[in-house]
Amino acid sequence: MTDGFSITLIRTIPVTKNGERKLIEVKITDRMLLAGRKKATEMGLLHNSILRGGGSIAGFLGEQIVLDVMGGKWDNSYDYDIVLGDGRKVEVKTKQTSAVPLPHYSCSISNFNTRQKCDIYAFTRVLKDFSKGWFLGYMPKQEYFDKSKFMKKGDFDPDNGYEVRADCYNLYIEDLQNVQDIGSDMLLERT
């Protein structure tokens, strides 16, 4: 539990046909929403914000979801959001959604964020009404860029019907590292 509130697990959802990968679905509490609004107000408008600040509350809710799932300390900076117990830095990327995330939906890192000094990216989705969200998975930074696909602003991704809003690197949810076995093994780097 952090900042006086924690996530409420609703269920896990299979994200592959064989059910081997699962998303963690959580209920967004009033306390989480109030804290997210407070942080967004304190922060103000981010430079290079794709949604011109509209995603700040969702972003802070996503950080709380990841913090509760992965642990660590909330240490919000431009380069990372969470510091794990072993010192690795996690940058959380959140997208707002109107539906349950599907395996072929993309997780994105904007081209202007590729130099963030983090070790791991963690991905979440939060419903536009802020009623619930999902921990989608994570990936070490270099592995993410090795596996992702570069897309230019205006490109259309036929796999998910999404038009890219800014130059970015995309990777499908189903390609993220597994979240069903939360624990120390989950965060070990692959060799």
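Data table
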quantity	calculated
Placed amide H near residue 166: partners under 5 Å, 5+ positions off or other chain	154
Karplus-derived 3J(HN,Hα), 6.51/-1.76/1.60, for each residue of region 33-42, Hz, glycine and proline x	5, 4, 5, x, 5, 4, 4, 5, 5, 4
Derived scalar couplings ³J(HN,Hα) [region 143-152; Karplus, 6.51 cos²θ - 1.76 cosθ + 1.60; whole Hz; x for Gly, Pro]	4, 4, 5, 5, 9, 7, 10, 6, 10, 8
Radius 9 Å from Cβ of residue 26, net charge of other residues (Lys, Arg +1; Asp, Glu -1)	0
Residues whose placed amide H lies under 5 Å from that of residue 132, excluding near-sequence neighbours	28, 127
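Read-outs: derived from the displayed coordinates by stated rules, not from any lab. Computed from a predicted model, the values in this text were never measured in an experiment. Don't worry about glycine lacking a Cβ; one is built from the backbone with ideal geometry, like all the others, and counts go over all protein chains shown.
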